[in-house]
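Have a look at the structure below, then the notes.
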């Protein structure tokens, strides 16, 4: 009997063939087998049994590991299995600046995206005491990074991706905010402003805001509201910068006692310390829907939890079997053993269960799914600690006092107190764009369905783009089962009120110890006042960051409808998955 083809769309097969297929693999099942066996090498015993369990987890796109894992595990190539890294602090002198540049290049060579906080570099126009030379400022040095990244293809058809952050009180913040108004510059960077609670309070109360740099006596002030408006106008006009609410990030961090976070990976779902790494994977919720489109459709929470438990062990093993571009990255990963297990396919799963994305019932369902993943992940990490030991930096009392850990169920807190924890962080919701395309175009991450049908521009290994027609996964399934038109609960992103995005992100954030990558796609005609209010509400809701995309002349489209109107998401060749 012929085995059914796992792929229902040409683009999914193309993604596998160009990004994840190893030499000699006849189909994606061979890729899953290769990956499962490679990750099981971290097991001290029962390797064959664990390899089989991991294979079953991967089969049918139930669990989608980060792209570096799929592409590199078991191939013997000198690549990292981590999607991305935050690099070390950039010391404010030329030697260390170019050492940091070299470290970034070496990391990209191994397939990792990189994030940097450029706030440590002195502002343009100041005099360096040691040499008497005039500093050119952080944005000037970012151009050097951008040129380096432009020359590198990280792995196959995956362009290098970078994140740059700058504090909202840095004297060059205005230059940073407006940097991408020129469509020809910094195209390999995502930019985000580190926004503090103090700044948001100054905005709310219309106070002055000081711009300062350590060691410099000069302090320039401007109106906080004027700077905030400048940030939002740039985002409205060019889709950047994004905003990271840095105090919310650090307040919630389970390791707040020993690290301060000021940068993220390129898509923002993992705030990391110096040399921290992203070890990512997503559970595909569409694979856990029972009786799709029927009146009794439901999410199998028990199966989801069991898969989450196994996925944590899988991702924990990645730390031990991966190569690392730099020794400092290996040290950081093994010290804290961060992983980022998330979900994808949320919007399609909701459609399959008859729930409109912008409904209370949909958010309630999401608030059942994510705690199920959280609790299973933490229980698995407790058991791994009992079996293999806690992460070396684990300090019980400080961990349990952290913002996130205080929200854990009492039974899990008791387990951590008694047995420790294998991983400092366990949960992150990534964009999962490329791996969701691989899984027959299920909706990515927690994003709403972009459109029933769309066109996707995909970068190929030769540097050229190929246009693919894509069909939403839930729509495919609906039609395969004899449905006509669209399913009753089907809604496209453009039909949603922008607040629906924020409310879904806010519903899930309390259950995620890292962060959530979420792009709020809005129509070009959305008034600026409503656009600006999204950021205010994001902060008020306690989110860790906010990115809103409005179609604009500066940013080209990767994903578009076949008709004239276009709404763009992150380009998949820029994503860290």
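The values are calculated or read from the model by the stated rules, or taken from the named source; none is laboratory data. Note that the coordinates shown come from a computational prediction; the quantities given were computed from them, not determined experimentally. Cβ coordinates were reconstructed from backbone atoms using ideal geometry, including for glycine residues, and neighbour counts include every protein chain displayed.
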Can you name the condition, by its number, that residue 7 falls short on among (1) over 22 Å from the mean Cα position of the chain (by Cα); (2) under 16 Å from residue 437 (Cα atoms); (3) in contact (Cβ under 8 Å) with a residue 12 or more places away in the chain; (4) not in a loop (DSSP other than H, G, I, E, B)?
(4)
Residue hits (the range 360-393; crowded, with 18+ Cβ neighbours inside 10 Å and free of Cβ contacts under 8 Å to residues at least 40 places away in the same chain) are 385, 390
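Would you check if there is a residue in the range 263-284 being farther than 18 Å from residue 514 by Cβ and crowded, with 23+ Cβ neighbours inside 10 Å? Can you show your working first?
In the first step, residues of the range 263-284 are kept if they are farther than 18 Å from residue 514 by Cβ; the result is 284.
So of that shortlist, the ones also crowded, with 23+ Cβ neighbours inside 10 Å come out as 284.
Within the range 263-284 (the criterion being farther than 18 Å from residue 514 by Cβ and crowded, with 23+ Cβ neighbours inside 10 Å), the answer is yes, since at least one residue qualifies.
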Under 6 Å between Cβ atoms, which residue pairs at least 6 apart in sequence (or on different chains) link something in the range 410-434 that is in contact (Cβ under 8 Å) with a residue 40 or more places away in the chain and on the phi > 0 side of the Ramachandran plot with a partner that is assigned to a loop (DSSP other than H, G, I, E, B) and crowded, with 17+ Cβ neighbours inside 10 Å?
432/444; 432/445; 432/577
Hey, among the residues in the range 83-92 that are under 17 Å from residue 330 (Cα atoms) and modelled with pLDDT under 95, which one's surrounded by the most Cβ atoms within 10 Å (Cβ to Cβ)?
84
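Confirm whether residue 189 is under 26 Å from residue 245 (Cβ atoms) and under 23 Å from the mean Cα position of the chain (by Cα). Steps first, please.
On the way: under 26 Å from residue 245 (Cβ atoms): yes; under 23 Å from the mean Cα position of the chain (by Cα): yes.
The answer is yes for residue 189.
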Kindly provide the set of residues from the range 105-150 that are within 20 Å of residue 168 (Cα to Cα), touching a strand residue (DSSP E or B) at 6+ places or on another chain (Cβ under 7 Å) and not in a loop (DSSP other than H, G, I, E, B), ordered by number.
115, 116, 117, 118, 119, 138, 142
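Results for (1) out of contact with any helix residue (DSSP H, G or I) (no Cβ under 7 Å at 6 or more places or on another chain); (2) closer than 29 Å to residue 264 by Cα, shown as yes or no for each residue.
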site: 16; (1), (2): no, yes
site: 19; (1), (2): no, yes
site: 24; (1), (2): yes, no
site: 31; (1), (2): no, no
site: 37; (1), (2): no, no
site: 62; (1), (2): no, yes
site: 77; (1), (2): yes, yes
site: 87; (1), (2): no, yes
Closer than 19 Å to residue 511 by Cα, assigned to a helix (DSSP H, G or I) and at pLDDT 95 or above - does that describe any residue in the range 437-451?
no
Identify the single condition in (1) within 26 Å of residue 390 (Cα to Cα); (2) surrounded by 22 or more Cβ atoms within 10 Å (Cβ to Cβ); (3) touching a residue at least 40 places away in the same chain (Cβ under 8 Å) that residue 310 does not satisfy, given that it satisfies every other one.
(2)
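Could you check the range 462-571 for helices (runs of 4 or more DSSP H) lying wholly inside it with 2 or more residues that are under 19 Å from residue 193 (Cα atoms), touching a helix residue (DSSP H, G or I) at 6+ places or on another chain (Cβ under 9 Å) and modelled with pLDDT of 95 or more?
Working: elements: 473-480, 498-508, 528-540.
Those helices (runs of 4 or more DSSP H) span 528-540.
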Before we move on, is residue 417 at pLDDT 95 or above, surrounded by fewer than 16 Cβ atoms within 10 Å (Cβ to Cβ) and either more than 24 Å from the chain's Cα centre (by Cα) or farther than 30 Å from residue 499 by Cβ (or both)?
yes
For residue 176, indicate whether it is modelled with pLDDT of 95 or more, closer than 20 Å to residue 547 by Cβ, part of a helix (DSSP H, G or I) and within 26 Å of the chain's Cα centre (by Cα).
yes
Run residue 458 past the list (1) surrounded by 19 or more Cβ atoms within 10 Å (Cβ to Cβ); (2) touching a residue at least 40 places away in the same chain (Cβ under 8 Å); (3) in contact with a strand residue (DSSP E or B) (Cβ under 9 Å, 6 or more places away or on another chain); (4) assigned to a helix (DSSP H, G or I) and report the number of the one that doesn't hold.
(4)
Every listed condition ((1) within 23 Å of residue 438 (Cα to Cα); (2) part of a helix (DSSP H, G or I); (3) more than 19 Å from the chain's Cα centre (by Cα)) holds for residue 364 save (1)
